[in-house]
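Notes for the one structure printed next.
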Amino acid sequence: MDAGTKTNPGNFFEDFRVGQEIFHATPRTLTEADAALNIALYGSRFAINSSDVFARALGLPRAPLDDLLVFHVVIGKTVADISVNAVANLGYAEFRWGVPVFPGDTLSVKSTVLGLRENSNKTSGVVWVRSIGTNQRAEMVLD
């Protein structure tokens, strides 16, 4: 990156290496406001995310945040480093959900480059990554 620029323009195919680990910037603390906005925009899909009473009956301390909110935050943290310069659709596969995420949890994300395939045009290619989101206790929330 040019020393005169203030922002990272993102990575291109030729910037990635198999085995490369990318620690995505700025962990994100999720709040009650995030939960409220998510419910206001998308509605609630499940009782466990809507009711502290229901969540406690299942052994949780309170209602966890919606899984899709967690997905959006975790994957969103990867965009600046992984896909901001992508010229095609992204694909997602083999997600595993870990511990529940509650308001007040802070999520961090690390990606590892698993594979690269150069296209026949020699100017672009496909990059496979594995991204793992963890909470402030280093517990996996999304893999």
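The values are calculated or read from the model by the stated rules, or taken from the named source; none is laboratory data. Given the structure is predicted, the values throughout are model-derived calculations rather than measurements. When we count neighbours, we look across all protein chains shown, and the Cβ atoms used for this are built from the backbone with ideal geometry, even at glycine. Ligands, DNA and RNA are stripped out before the accessible areas are found, and what is left, the full protein with its side chains, is counted by its heavy atoms. Shrake-Rupley method; radii C 1.70, N 1.55, O 1.52, S 1.80 Å.
Here is how the numbers come out for the structure above:
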{"quantity": "J(HN,Hα) series, segment 50-66, from Karplus relation 6.51 cos²θ - 1.76 cosθ + 1.60, nearest Hz, glycine and proline x", "calculated": "9, 9, 4, 4, 4, 4, 5, 5, 9, x, 8, x, 5, 5, x, 6, 4"}
{"quantity": "Compactness index (Cα Rg / 2.2 N^0.38 Å), the chain", "calculated": "1.21"}
{"quantity": "Rounded to whole Hz, the Karplus (6.51, -1.76, 1.60) HN-Hα couplings of segment 34-45, x for glycine and proline", "calculated": "4, 5, 5, 5, 4, 5, 5, 7, 10, x, 9, 8"}
{"quantity": "Sites excluded, GluC sites (Glu not before Pro) in DSSP loops with at most 16 other C-beta within 10 Å, longest stretch of the chain", "calculated": "1-93"}
{"quantity": "Between 0 and 90°, nearest 10: helix 67-82 axis offset from the chain longest Cα axis", "calculated": "20"}
{"quantity": "Rounded to whole Hz, the Karplus (6.51, -1.76, 1.60) HN-Hα couplings of segment 126-143, x for glycine and proline", "calculated": "10, 10, 9, 10, 10, 10, 10, x, 10, 8, 5, 9, 6, 8, 5, 10, 7, 10"}
{"quantity": "Range in the chain, longest, excluding exposed chymotrypsin sites (Phe, Trp or Tyr not before Pro) [loop by DSSP; at most 13 other beta-carbon atoms within 10 Å]", "calculated": "96-143"}
{"quantity": "Cut-off under 5 Å, modelled amide H: who pairs with residue 107 long-range", "calculated": "28, 29, 30"}
{"quantity": "The chain, accessible surface, carbon-and-sulfur percent (1.4 angstrom probe)", "calculated": "57"}
